[in-house]
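Here's the structure we're looking at; comments come further down.
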Amino acid sequence: MGEGKEDVFILAIESSCDETAAAVVKNGREVLSNIIYTQIALHTLYGGVVPEIASRKHIEKINQVIETALSEANITLEEITAVGVTYGPGLVGALLVGVAEAKAICFAKKKPLVGVHHIEGHISANFIENQDLEPPFICLIVSGGHTHLVLVKDYGEYEIIGKTRDDAAGEAYDKVARAVGLGYPGGPKIDKAAKEGNPTAIFFPRAVIEDAPYDFSFSGVKSAVLNYINSCQMKGIAVNTADIAASFQAAIVEVLVQHSIQAAKEYGLGKLAIAGGVAANSELRSSMAAVCKKEGILFYHPSPALCTDNAAMIGSAAYYEYQKGTRHGWDLNAVPNLRLGERG
Ligand code: KG4
Ligand code: ZN
């Protein structure tokens, strides 16, 4: 390929939930290919991800997705430097498909194996389109399974400064969307419906946790929305879906923005990034951008396609882990509840 000897090409694999994804990433920041087979349509039939179906579909699609990623990047398995794979957290059966595939490739082609934490992947999505972004910075990770406020001290070095006590932000979006009949996945649907609604039409609670200014709680706002819908139905009042969506979103976004800005100010870093599926939310992005501008904080965010699950972000994280010397053996296993900063 005429590349310098020092170039590092990572083949990355992601299968922790309902996307079967593979990518080739050069030197941690340049995406040569990023292939995603999404199972969303399949799971929509059931109103959410069915783990058994997800695993089976991953098995069916993974080889094809990897082959496409390699051919689009115009690279062969022999030319790959290492394979990076998500090994947790996520659905165990789904994760195992990617992990087994990565191990098989590494064994057959004698390549180093680098296990990646899914959340580290989400954070690293920011490195791909922001070539100037270097740690330290504060990152808000908001996905279907996680809501974390993290101090990124260095590549691969994290301190969790806040997290949700109950539901993840994306989970709250998905549950509220189901309750108002918008279906799965709820985040993008609420995002769209909210554009037609009034964010101050209904007041939903913003949870504050005493003594833990960076922790979150979203079960209260979710219950408040469900109660509001119930009481409207009992009184025979028609619910306004757009107003509910806009008012619920305002409650979620306000808390996410406040906590993140406070953390960026307190830690004095002047740099704030967002990551995870909910980071694709248009209201979160515009509110965060406006407040960061006012406060003189540099705001970083991946484009929406790199916020939701993908393998390019895993390739970026794997590169920095590879450079630090992280190598996994044939005993690498899927760890469904892997914690950030923990070594598997
Ligand atoms: O990061 P992700 O793809 O998967 C996990 O690791 O969980 O995040 C999926 C979550 C889902 O809850 C989905 O509803 C939410 O991200 N999401 C959004 C938007 N797009 C996806 N939430 C709000 N607004 C969006 N535009
Ligand atoms: Zn994710």
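The values are calculated or read from the model by the stated rules, or taken from the named source; none is laboratory data. Since the structure is predicted, the reported quantities are computational estimates derived from the model, not experimental observations. FYI the Cβ positions are ideal-geometry reconstructions off the backbone, even for glycines, and counts take in every protein chain you see. We work out accessible area using only protein heavy atoms, side chains counted, and drop any ligands, DNA or RNA first. Shrake-Rupley method; radii C 1.70, N 1.55, O 1.52, S 1.80 Å.
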### Query
Applying the selection to region 302-337, what residues are surrounded by 23 or more Cβ atoms within 10 Å (Cβ to Cβ), within 19 Å of His146 (Cα to Cα) and not charged (D, E, K, R)?
Pro302, Leu306, Cys307, Thr308, Asn310, Ala311, Met313, Ile314, Ala317, Ala334
### Query
Residues of region 77-87 being touching a helix residue (DSSP H, G or I) at 6+ places or on another chain (Cβ under 6 Å) and crowded, with 18+ Cβ neighbours inside 10 Å, which ones?
Ala82, Val83, Gly84, Val85, Thr86, Tyr87
### Query
For Glu295, are the conditions met, namely being acidic (Asp, Glu), more than 16 Å from ligand 1 (Cβ to nearest atom), modelled with pLDDT of 95 or more and open to solvent by 10 Å² or more (accessible area, probe 1.4 Å)?
yes
### Message
Return the pair list, or none, for Cβ contacts closer than 8 Å from residues in region 262-287 that are touching a residue at least 24 places away in the same chain (Cβ under 8 Å) and under 29 Å from Glu19 (Cβ atoms) to residues that are of a type in the set (D, E, K, R) and within 16 Å of ligand 2 (Cβ to nearest atom), at least 6 apart or on different chains.
### Response
Gly277/Asp309
### Task
Pick out, from region 77-152, the strands (runs of 3 or more DSSP E) lying fully within it that include 1 or more residues that are closer than 16 Å to Ala318 by Cβ, at pLDDT 95 or above and in contact with a Cys (Cβ under 7 Å, 6 or more places away or on another chain).
82-88, 113-117
### region 7-62: number of residues that are assigned to a helix (DSSP H, G or I) and without any contact (Cβ under 8 Å) to a residue 12 or more places away in the chain
3
### Task
Working only within region 168-204, note down all residues that are in a loop (DSSP other than H, G, I, E, B) and within 19 Å of the chain's Cα centre (by Cα).
Ala168, Tyr184, Pro185
### Task
Please identify the pairs in which a residue from region 93-104 that is open to solvent by 50 Å² or more (accessible area, probe 1.4 Å) has its Cβ atom under 7 Å from the Cβ atom of a residue that is not in a helix (DSSP H, G or I), counting only partners at least 6 apart or on another chain.
Leu96/Ala334
### Query
Would region 212-232 turn up any residue that is without any contact (Cβ under 8 Å) to a residue 24 or more places away in the chain and of a type in the set (D, E, K, R)?
no
### Message
Filter region 161-197 down to the residues that are within 16 Å of ligand 2 (Cβ to nearest atom) and within 24 Å of Cys292 (Cβ to Cβ) and list them by number.
### Response
Lys163, Thr164, Ala168, Ala169, Gly170, Ala172, Tyr173, Gly187, Pro188
## Note on the structure
Counting only residues that are more than 19 Å from Asn281 (Cβ to Cβ), away from ligand 2 (no atom under 16 Å from the Cβ), open to solvent by less than 40 Å² (accessible area, probe 1.4 Å) and not aromatic (Phe, Trp, Tyr), region 116-159 contains a total of 5
### Task
Check region 296-316 and report whether any residue there is touching a His at 6+ places or on another chain (Cβ under 9 Å) and not hydrophobic (A, V, I, L, M, F, W, C).
yes
### Task
Sort out which residues of region 308-342 are part of a loop (DSSP other than H, G, I, E, B) and either within 16 Å of Pro112 (Cβ to Cβ) or of a type in the set (S, T, N, Q) (or both), and write them in order of number.
Thr308, Asn310, Lys324, Gly325, Thr326, Arg327, Gly329, Trp330, Asp331, Leu332, Asn333, Asn337
### Message
Quick check on my filter: what residues within region 161-181 are under 21 Å from Gly276 (Cα atoms) and more than 9 Å from ligand 1 (Cβ to nearest atom)?
### Response
Ile161, Gly162, Lys163, Thr164, Arg165, Asp166, Asp167, Lys175, Val176, Arg178
